[in-house]
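What follows is a short report on a single structure.
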Amino acid sequence: MPEWYGDHPVTELGGADPHLAHVQYFPVKSLDAEPRDRATLSTDGALAGDREWAVLDRPADAPYDPDAADVGGSGDYVNGKKTDAVHRFRSQFHPRDEGGPAVTLREQSDSDDEARRFELAEALDDEAAVHADLNAWLSDYFDREVSVRRDETGQHDDRKRHGPTVVSTATLREVAAWFDFDLESARRRFRANLEVGGVPPFWEDRLFGDTGEVVRFRVGDAELVGVHPCQRCVVPGRDPDTGAETPDFRETFVRRRKGTMPPWTAGDRFDHAFRLMVNTRVPEASDGASIEVGDPVERLGTQSA
């Protein structure tokens, strides 16, 4: 086994007790995460409500096709790939049982008293009207005309593999040790939906295979399919509060990822070392299934894609 940089309770597969340790979703794409004890799986998206709203780099009256939108740094969304300004304001989502859907926003340097709450549009609402004040606040903040749009199926970067993303707590702890930041900072940088505890670093690499193969695994009573290791962008290399770049992030990451590669990280899908986390799909049989923190996680085996 590799020599780890971080301190890990479990370092070998033989001592592993895989379980769901943390769940988070992102109601508004690119904004702050919302941790939850439980979540509902959806074949149309990662978790029900994940990335249901997104900030578009266009006025409210401009056309928008979520199936054709460009997720890159020069594309249709206002995201961390496009501007580091997304890191310098905080958001808090309010679900329906808290009088929502709504989101509270404040600039990083502002006090809680200066935060503003805005309603979020639902299916039958006049989206532009409901979001008028929210769009104005965001447009003023970003100094460009932007608009919040809703798509119930979720507005995901990977439309072919848009199940919940999976990483292990030990992986985040190990990467945090490479750069001297903490576990919470690693969570905010890499933005995985599901976090597996009780396992060694990079355990999630067991959830993808070669091209043409997928890996079945179970969380509680729900089955998912692991497809592909996630290629990273510029976002993990930025401080999640300030947007400041970590010096030599990519170079250091690649070098240490190679140097700590466990024996189970294999397959031609892992074609370079700037990958972390696993993209998944939700089979139809698991649509609507509930998962919750503490559920056992079990790798079931490889099958044809």
Only one of E251, E298 is outside any loop (DSSP other than H, G, I, E, B), modelled with pLDDT of 95 or more, more than 21 Å from R238 (Cα to Cα) and over 20 Å from the mean Cα position of the chain (by Cα), namely E298
So how many residues does the stretch 261-303 have that are in contact with a Phe, Trp or Tyr (Cβ under 7 Å, 6 or more places away or on another chain) and within 19 Å of L172 (Cα to Cα)? 7
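Just to be sure before I move on: is P236 in a helix (DSSP H, G or I), touching a residue at least 24 places away in the same chain (Cβ under 8 Å) and not assigned by TED's automatic domain parsing to the domain that holds R88 in the structure I sent?
Yes: the conditions hold for P236.
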Single unsatisfied condition, A129 versus (1) aliphatic (A, V, I, L, M); (2) surrounded by 15 or more Cβ atoms within 10 Å (Cβ to Cβ); (3) farther than 30 Å from V293 by Cα: (2)
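With respect to G154, determine if the residue is over 20 Å from D241 (Cβ atoms) and free of Cβ contacts under 8 Å to residues at least 12 places away in the same chain. I'd like the intermediate steps shown before the answer.
Values: over 20 Å from D241 (Cβ atoms): yes; free of Cβ contacts under 8 Å to residues at least 12 places away in the same chain: no.
In short, no.
Quick check on the stretch 115-141: of everything there that is closer than 17 Å to V86 by Cα and in contact (Cβ under 8 Å) with a residue 60 or more places away in the chain, which residue is nearest to the chain's Cα centre (by Cα)?
Step one: filter the stretch 115-141 for residues closer than 17 Å to V86 by Cα, giving 115-116, 134-141.
Okay, now just the ones that are also in contact (Cβ under 8 Å) with a residue 60 or more places away in the chain, so 135, 138.
Values: N135: 24, L138: 22 Å.
Result: L138.
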Suppose we filter D210, D221 for residues that are out of contact with any strand residue (DSSP E or B) (no Cβ under 8 Å at 6 or more places or on another chain), surrounded by fewer than 17 Cβ atoms within 10 Å (Cβ to Cβ) and modelled with pLDDT under 95; which single one remains? D210
Does L183 qualify as being buried (at least 22 other Cβ atoms within 10 Å of the Cβ), without any contact (Cβ under 8 Å) to a residue 40 or more places away in the chain and over 21 Å from R281 (Cα atoms)? no
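The values are calculated or read from the model by the stated rules, or taken from the named source; none is laboratory data. The structure displayed is predicted, hence computed values, not measured ones. Cβ: placed from backbone, ideal geometry, glycine included. Neighbour counts: every protein chain shown.
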